[in-house]
Amino acid sequence: MRILITGGAGFIGSHLVDRLIADGHYVIAMDNLVTGNLQNIAKHTSNTKFEFIHHNVSNHIHIAGDLDWVVHFASPASPVDYLELPIETLKVNSLGTHNSLGLALRKNAKYFLASTSEVYGDPEVHPQPESYWGNVNPIGPRGVYDEAKRFAEAITMAYHHKHNLDTRIIRIFNCYGPRLRFNDGRVVSNFIHQALTSKPLTIYGEGSQTRSFQYVSDLVEGIVRLMGVKFHEPVNLGNPQERTVVELANMIKELTGSKSEIVFKPLPTDDPKRRLPDITRAKKLLDWTPEKDLVEGLNTTIAWYREHLPQVAAAKK
Ligand code: UDP
């Protein structure tokens, strides 16, 4: 198949590029490199079944030739990024989703939207099933991401109903692994970065808030499985093991052997208190459950950071 991945140079996008190329597909990665990185896809540049196009999908998208899939992953996705890029985030998930849907329609291609657990906001229902409508503050700092992704889901369903477009929607819960940007401000990247550079680990609030962390290869497996099933409503993809932020900090300290202290900082506005996916739908529909154990996944990620963090890699030489 010939597949366009928007956000193809990003963290999850580039892992999906790897997988789809390994599965024998022709992949076009499109990215404006605002939060993506060409290093993530460097190994494919000489592959004749791979193309990179530097483009912002909030503007009209032109692709020559046929497409079987348009897979829309472009968006700043870490809270720090979308707070710094609020308008870009709103645009890529509204205009960018509209443009990519229009492209799919024109090419008679199938369409895959990367949505997010942030559509549930600060949830009042635990775990969160897809039927939960969420608890989102539209005008709070996270609204630029949450509401834009909610709009993206709405317009994707509208294209499905109105134009009969063959669509998929996933809601991605916290995901980690190699290539998570060192400075993207997320909890896993911050803690590993801090632990390896002997800086204090910064816990926001009391650290009793929870997340559930899925390893990127589990997510990619879920994505590929959903591409093979005709199902149009959203599907949660996440790891149902809930951890507090304090637990995560202690795990990362232990796994890195770091002597960093732990410090407490103010909790960001509207930071969700609990997040936990109900993955019953993915289990039934895709026969999918996340397999990677958190310790194993963190060890792989830490090893990658040791190789790639400039200060740490330089000290080893
Ligand atoms: N967090 C933290 N210290 C950090 C970065 C994040 O305690 O250095 C907390 C953050 O307040 C949130 C959780 O970790 O409760 C996960 O944050 P992240 O930015 O990774 O993603 P979110 O799940 O909030 O979108």
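Every read-out reported here was derived from the displayed coordinates using simple, explicitly stated rules and does not represent laboratory data. Model, not experiment: these values are computed from the prediction. Every residue, glycine as well, gets a Cβ built from its backbone with ideal geometry; the counts of neighbours run over all protein chains shown.
The E261 and N108 beta-carbon pair, evaluated with R₀ = 45 Å, returns a calculated FRET efficiency of approximately 0.20. Among I53, W133, I170, pick out the residue whose Cα is farthest towards the positive end of the charge dipole of the chain, where Lys and Arg carry +1 and Asp and Glu carry -1 on C-beta, about the Cα centre. Most positive-ward Cα: I53.
Please give the net charge around N99, taking every other residue with its beta carbon less than 13 angstrom from that of N99, where Lys and Arg add +1 and Asp and Glu add -1. Don't skip to the answer; put the middle values down first.
Working: positive: K91, R106, K107; negative: none.
Neighbourhood net charge equals +3.
Entry note, the chain: relative contact order of 17 percent, from Cα contacts under 8 Å with a spacing of 6+ residues. Of the residues T97, T280, the one with the fewest other Cβ atoms within 10 Å heads the list, and the complete ranking is T280, T97.
Each Lys or Arg adds one and each Asp or Glu takes one away; over the other residues whose Cβ falls under 9 Å from the Cβ of E291, this sums to -2. Neighbour counts of C-beta atoms inside 10 Å place M227, M30 in the sequence M227, M30, starting with the fewest.
How would segment 262-301 be classified by its alpha-carbon gyration tensor: rounded, prolate or oblate, with rounded meaning a/c under 1.5 and the a/b versus b/c comparison settling the rest?
Working: a/c = 4.90, a/b = 1.51, b/c = 3.25.
Note, shape of segment 262-301 comes out oblate.
Considering only DSSP beta bridges whose two residues both sit in the chain, what percent are antiparallel, to the nearest 5?
Numbers: 3 of 39 bridges.
If I count the DSSP bridges inside the chain, around 10 percent turn out antiparallel.
Can you bin segment 1-95 into rounded, prolate or oblate? Criterion: square roots of the alpha carbon gyration tensor eigenvalues sorted a ≥ b ≥ c, rounded for a/c under 1.5, prolate for a/b above b/c, oblate for the rest. Prolate shape, in that a/c is at least 1.5 and a/b is the bigger ratio. Once each of the GluC sites (Glu not before Pro) sitting in a DSSP loop with at most 15 other beta-carbon atoms within 10 Å is removed, the chain keeps 1-123 as its longest stretch.
When you restrict to C-alpha pairs under 8 Å that are six or more residues apart and normalise by the size of segment 201-317, the relative contact order lands at 40 percent. Model label sites at V312 and L38, defined 7 Å from Cα along the beta-carbon direction, differ in position by 2.6 nm.
With a cap of 12 neighbouring Cβ atoms within 10 Å, and only residues DSSP puts in a loop, list the chymotrypsin sites (Phe, Trp or Tyr not before Pro) found in segment 121-214.
On the way: sites: Y132, W133, Y145, F151, Y159, F173, Y176, F182, F191, Y204, F213; in loops: Y132, W133, F173, F182, F213.
Sparse-neighbourhood loop chymotrypsin sites (Phe, Trp or Tyr not before Pro): W133.
Close amide H partners of V235, meaning residues 5 or more places away or on another chain with modelled amide H under 5 Å apart, are I169, I170, R171. Phi-derived couplings, Karplus 6.51 cos²θ - 1.76 cosθ + 1.60 at θ = phi - 60°, listed residue by residue for segment 270-275: 6, 5, x, 7, 9, 9 Hz, with x used for Gly and Pro.
Between D287, D184, D146, the Gaussian network model of the chain with springs among Cα atoms under 10 angstrom shows the greatest mean-square fluctuation at D287.
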